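For reference, the structure is listed below as structure tokens.
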Amino acid sequence: MQQQRDLNRTRERIMAAALKEFSAHGFAGARTDAIARRAHVNERMIFYCFDSKEGLYRAVLQKKMAAKAAMIESMPDEDFATGLVTGFAAACDDIDSLRMWQWEALDNSTRKLVAEEERRAFLQSEVARWRRAKASGALPPDADEEMLFLVSMALRAFPLVLPQAVSLVTGMDPLDPEFQRKWSACLQCIGQRLFGPTIKSGDELDAKADRPTKAGKRPSSHAAADAGTHQG
């Protein structure tokens, strides 16, 4: 039992070191001997625990996906605006994972994505969650849930993907608490404007009926009836 606990702790230490190494150098550039040094283990332990560098990369990704899935499940009723804000905060706390995705985007080889099917399933589950939100009326019926999900990903990640743009425009670092406060407020505003309460057709007609006329008077029910009579 103690031996298994020790092995689990060693695996966790290796994965933490691997996350830093993959974030700094990408999958192709990361070296298992460097990961072993970071984790203070013998390099052979990496292959004993994960079989290969790809197996280690896969394990790191799976752990991150599991953590994100747990966070999403803990907030099932989260609205679009709040999701943008919490998603940005989560990205700020896990820049290393974002860097791993950036390295993959820069890879010009034809190498298949590690854990591609697992990642596709994870992202498709997110799209399905947005599809359910549309079916329940939380999103407009004409919303494209796939495109909307990509937009939300872009809004949450942009300052961290292009920190130099943030610096050039605002003079701040994206991890500066003041910038994070302002960006979060902006995300909240965007989310509320995109998917704030909508006026139903009946309510809109009532609002028009209650709107003052140019003379400053509201149309009476008799006037409305007369108008209907004349139109007939």
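A simple charge model with +1 on the Cβ of Lys and Arg, -1 on the Cβ of Asp and Glu and nothing else charged puts the dipole of the stretch 1-125 at about 620 debye relative to its Cα centre. Ordering Leu56, Val85, Ala70 by the projection of their Cα atoms onto the charge dipole of the stretch 1-118, which places +1 on the Cβ of Lys and Arg and -1 on the Cβ of Asp and Glu, puts Leu56 at the extreme positive end. In the full protein context, the stretch 97-182 carries 63 Å² of accessible surface per residue, based on a 1.4 Å probe and ignoring ligands, DNA and RNA. Of interest is the spacing of the C-alpha centroids, which for the stretch 149-175 and the stretch 30-52 amounts to 33 Å. Length gained on full extension, Glu54 to Glu117, computed as 0.36 nm times the residue gap minus the Cα-Cα distance: 21.2 nm.
If you take the alpha carbon atoms of the stretch 1-122 and fit the smallest convex hull around them, that volume is 132 Å³ per residue. Extension gain for Gln164-Glu104 works out to 19.6 nm (0.36 nm per residue, less the C-alpha to C-alpha distance). Given +1 at the Cβ of Lys and Arg, -1 at the Cβ of Asp and Glu and no other charges, the dipole of the stretch 24-92 around its Cα centre is 500 debye to the nearest 20.
In terms of packing, defined here as the mean over residues of other Cβ atoms within 10 angstrom, the peptides 36-45, 161-170, 83-92 line up highest first as 83-92, 36-45, 161-170. Once the Cα-Cα distance is subtracted from the 0.36 nm per residue extended length, the Ser74 to Arg181 segment shows a gain of 36.2 nm.
The values are calculated or read from the model by the stated rules, or taken from the named source; none is laboratory data. If you're wondering where the values come from, they're calculated on a predicted model, not measured in any experiment. Note that each Cβ is placed from the backbone with ideal geometry, even for glycine, and that neighbours are counted across all protein chains shown. Side chains included, ligands, DNA and RNA excluded: accessible areas come from the protein's heavy atoms. Shrake-Rupley method; radii C 1.70, N 1.55, O 1.52, S 1.80 Å.
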